[in-house]
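Written below as structure tokens is the structure these notes are about.
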Amino acid sequence: MTRRILHVGLGLLLIYVLLFVQLELTQVVRADSLRDHPQNTREIGMVFDAPRGAIKTTDGETVAQTVSVSGTRPRLRQYPYGSLYSHLVGFISAHHGGDGLERSHNNFLAGRDLAVRVQDKRDFFVDRARTGHIQLSVRHDVQLVARAALAGHRGAAVVINPANGAVLAMWSSPHFDPNHLSSHDLAAVTNDVASLKSDKESPLLNRADSQLVDVGPIFAIVTAASAIERGLDDFIAPQVDSILIETGKEPIGNNKNATCGGGLTELLVTNCRTGWATIGSALGMSELRTRAKAFGMTESVSNSTGIHLNGVIRFDDEALSAAHIAAGVGVQLSPLHLAHLFATIGNDGQRIRPRVVDQIQSHDGSVIRDFEPEQLGQVIASETASKLQTMLAANVQTGNAQGLALNEVEVGGILASASAGHPQVWAIALAPVTQPELAIAVLLEGDNLGGPQAAESVVAAITRSIIEAVLRLPTPNLEGVE
């Protein structure tokens, strides 16, 4: 009898220990992941009525703030510029959680971060609400330029300063008004959320950093970088109109069955898929995979918005070969990825992680945390970057990107379009190309783009207007106001 009681007691003790361990794992080890899970709305709901810090642009415009109001809920989150920053800043809702920076930087804004809670020694002895304010790297005037340039179009635009990785503008359309989602009229909010989620245009989707789109010949610049780094500068591709790499894999052909070949610059200018495929076969899959990873094409490149993209290049697709990847077949990236790629080339091959947040500030404006440029390594030699810049300039002068040319500024870039299933067109540019101040990616999509030439003409005009406007803005310091 005593032995049975002992066994029962040991069994109960074991169950208690297991429950205790599981509780600790849930409350401590998994706390952060559970709190930040996209389906967890309780975390945001808990701070909906609490004091909350403001979000401002680097040139001082307030884009999110909490104000006092009368009624059962004493505070209301407001977004003074409506949809202008909706995809970047996101929203906070009592019953529907939050998104964007409102979610990813909630600890700072709500005062849960230790450095925010304790801003001076008196905070150890006085219980008072402290919140952190976010200063963005985004410039309000550049964001306005991007929105105006894409007016009437579905797509996205990203503008980056290559020297420090600062995102100066990030615009996505269609968009939404976050004020409707932060309203105290919870019934209306529920209706708005349901309407936005069911909309076929996907207005809640941030096309700038979370939509992956076929990039086609744009990936050729990565293939060219690999070729130069491997000593294939003088490689001459044969003049052909199509090639069959391996039996059972899709043949690779040129647009309109054109015959082309030649050196790296000629291949870029003529958009010669067969030439890049030939180089890809010489380089091999391992080299292309390594180079793509070094450029940040197999990961999320944003450290601020909480978006995680995995496997953006399908190296494991059995239907594709190194030749296919080198020619851009099966390669999907976001506008942020491509702006980041060109920013790295414009920064002499030094990769800096894109960032949309510059600082976390206290109630009196002092800096609590400064997000310095995050150096991610020398991806390619500066000499290689210089050669790529020259190639991109030649593509604007005599190649398919002539629509990007400006009279007063030398621009380097690539235009690309695809119409299979979902019509899309790209423009990626550096300006000025030899001493870049801007790296720009513009994506347009939709059935109203017309044929490839017409679509490329439209996206080129939009990109030109952004370059001209931004370079003519009154302040010479594109990082922010001096």
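Averaging over all projection directions, the Cα-based convex hull of region 331-454 occupies 10.6 nm² in the image plane. Once you keep just the Cα pairs under 8 angstrom separated by 6 or more residues, what percentage relative contact order results for region 213-471? Computed value for region 213-471: 17 percent relative contact order. Cβ crowding within 10 Å, taken as a proxy for footprinting-reagent exposure, orders 57, 344 from fewest neighbours to most as 57, 344.
Estimated from the Cβ-Cβ distance and a Förster radius of 25 angstrom, the FRET efficiency linking residue 202 and residue 65 is about 0.35. Counting neighbouring beta carbons within 10 Å and listing from fewest to most, the residues 289, 464 come out as 289, 464.
Taking amide H atoms as placed 1.01 Å from N in the peptide plane, the amide H of residue 368 lies under 5 Å from those of 360, 361, 362, each 5 or more residues away in sequence or on another chain.
Among the GluC sites (Glu not before Pro) found in region 163-257, those both in a DSSP coil and sparsely packed, with 16 or fewer other Cβ atoms within 10 Å of their Cβ, are 201, 246. If the segment from residue 233 to residue 469 were pulled out straight at 0.36 nm per residue, it would be longer than the present Cα-Cα gap by 81.4 nm. Taking a ≥ b ≥ c as the square roots of the eigenvalues of the alpha carbon gyration tensor, region 159-223 is oblate, as a/c is not under 1.5 and a/b does not beat b/c.
An ellipsoid equivalent to region 213-471, defined through the eigenvalues of its Cα gyration tensor, has semi-axes of 30, 21, 18 Å when rounded to whole angstrom and sorted largest first.
We did not get these values from a lab; they are worked out from the coordinates using the rules stated. Everything numeric here is computed off the predicted structure, so don't read it as measured data. Cβ coordinates were reconstructed from backbone atoms using ideal geometry, including for glycine residues, and neighbour counts include every protein chain displayed.
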